[in-house]
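Below is one structure; the comments refer to it alone.
The values are calculated or read from the model by the stated rules, or taken from the named source; none is laboratory data. It should be emphasised that the depicted structure is a prediction, and the values quoted were computed from it without experimental measurement. Here the Cβ is made from the backbone with ideal geometry for all residues, glycine too, and neighbour counts use every protein chain on show.
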Amino acid sequence: MEQLLPTDNANRNESWGWNMNLDPCTHGWMGMTCDSHTQTVLKVILDELNLIGTLDAGSLCGASSLQVLSLNNNGISGEISAEIANCKYLTHLYVSGNRFAGQLPKSMSHLSNLKSGDISNNNFTGELPSLHKIPGLLSFLAQNNYFRGKLPEFGFVNLEAFNVSNNEFSGQIPDVRGRFSADSFSGNPSLRGQPLPNPCPPSLSSKAASKKWSTDCLLVYTGYAFLSSVIGLFVIYQIFLGQGKFEDLLRAPAKLLGRGRRGTLYKVMIDNGPTLVVKRIKERAISSEEFKRRMLKMDQGKHPNVLSVVAFYCSKQEKLVIYEHQSNGSLFKLLHGSKDDDSFDWGSRLNIASRIAEALAFMHKELREDGIAHGNLKSTYILFNKNMDPCISEYGIMASENQVQPELSRSISFAKITPAEDHESDHILFKGDVDIYSLSAILLELLTGKMVQDGRFDLATWVHSVVREEWTAEVFDRALIAEGVNKERMVNLLQVALQCVASSPTKRPSTKEVSAKINAIKEEDERSITLETRDPSPWSRDHLS
């Protein structure tokens, strides 16, 4: 279990009893259930404990008597190795809601005692191994991953629960013997056959014919053609039909921009029309009702530095959000991409920090009563338009109602929120503390030029340790040091970032307070500007002010 660490790792040995030198049964390791007679581990149940790291199946299955492994809703990454087959007596395998990736090992088919498996809500890829040889399998859930290829036989007669929706399976669905509905298979663009509805007619030669199609028919066509030529057909169809643009839409090429845990992003280029970006949201990310509510409320709170939604669509099988494409990339790309551009100076970074903080403060004020925060803000979601103005994208479209911390906070181990603290601060009840954490990370990226977390390097923990050891000057981006930026003002901005992840909720500022603090630093910096000229660039103070 040494590869799995809670985010509050410093207190792990004391509070969890995990000592690699002691027997887990005789010394009462947290999450372990043992046979009282044989003193062997029977169950490992570690759900919702903010665990990070990887799963060492080889070591874990050294406990040959293990029957139940449950690691739901943590932050565990990496692959499940072939050694999982060594857990010969495993009956229940639950790893839903983590960051597992890669292919499932074929050796999983050797888990002959498995009765229930839930690997949903991860980033698994490749083909599913054939599990029909497992005679007692009653439940298998694999929705919201990136599995592809043909569905293997499952022996559907015995299965009581089955779901592979929202993946990338193709081909014919095996005979499910009438046991499962379309919901178990929806969201797979190239999957066909019962119980999915029949695909719409392939011909789209005339406007007259297209107008006769029903809404459901258009949505089915969207599902089948999603990865090839048409994205969000029904939504964009409504936008362009009145302008005679439907044929242009059908010819529009789509480019995959990226995939994440909560959805997939596409770029759609329409002849004689705008370039659009379509966010296809995974079913699990947010309920249909909550999604609709958020989209309607978002239209009431608009800010020039928050990217507006052009259109959205929500059905039982699809949630789509349409934005105008922003041509100048993201803050992440600017900070961590090519290092050839030396024009991203201190003034530019400070102005971006100011604008983003102001935008968050505005949105929190406007949507406070509705409880809508961004929920997953990162430098990849700060985009630049044609004028190089920073814009927050994807505001509020996927945040969970019960979310208290963003995924980022897993890497900020010195600022963990506990349930007892949730009612100590009004802005935590609003869920705005999610964005406070995220804003802190963005400020750290701007100051250090380093990534928040790349799998090898934890930025927040590193910054905290450096500050604690009073080596503060070592934190800052060398480009800023070479520029001769006033260190006091950089330290002031660093202090704002660290206040956002204070251990006590009552000491964390609101976004309004953060915005005011950053603006004060910016005003002081502007007052200190001398008459010496600087090379003009699209990032100049004049432009961003």
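What the table shows:
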{"read-out": "Residue ID - modelled with the lowest pLDDT, chosen from residues in the range 272-287 that are closer than 23 Å to ASN387 by Cα and in a loop (DSSP other than H, G, I, E, B)", "value": "ASN272"}
{"read-out": "Among the candidates ASN50, ASN73, residue that is in contact (Cβ under 8 Å) with a residue 60 or more places away in the chain, surrounded by fewer than 20 Cβ atoms within 10 Å (Cβ to Cβ) and of a type in the set (S, T, N, Q)", "value": "ASN50"}
{"read-out": "Filter result for PRO135 (in contact (Cβ under 8 Å) with a residue 12 or more places away in the chain, farther than 22 Å from GLY31 by Cα, crowded, with 17+ Cβ neighbours inside 10 Å and not polar (S, T, N, Q))", "value": "no"}
{"read-out": "Failed condition for GLU290, given (1) part of a loop (DSSP other than H, G, I, E, B); (2) in contact (Cβ under 8 Å) with a residue 60 or more places away in the chain; (3) over 28 Å from GLU513 (Cα atoms)", "value": "(1)"}
{"read-out": "Pairs where the first residue, in the range 373-399, is touching a residue at least 40 places away in the same chain (Cβ under 8 Å) and more than 12 Å from ASP435 (Cα to Cα) and the second is among the polar types (S, T, N, Q) and buried (at least 24 other Cβ atoms within 10 Å of the Cβ), C-beta under 8 Å, 6+ apart", "value": "GLU394/ASN376; MET398/ASN376"}
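Residues are listed down the side, and each one gets a yes or a no for (1) of a type in the set (Val, Ile, Thr); (2) over 20 Å from the mean Cα position of the chain (by Cα); (3) over 19 Å from ASN167 (Cα atoms):
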| residue | (1), (2), (3) |
| --- | --- |
| VAL41 | yes, yes, yes |
| SER70 | no, yes, yes |
| MET108 | no, yes, yes |
| THR125 | yes, no, no |
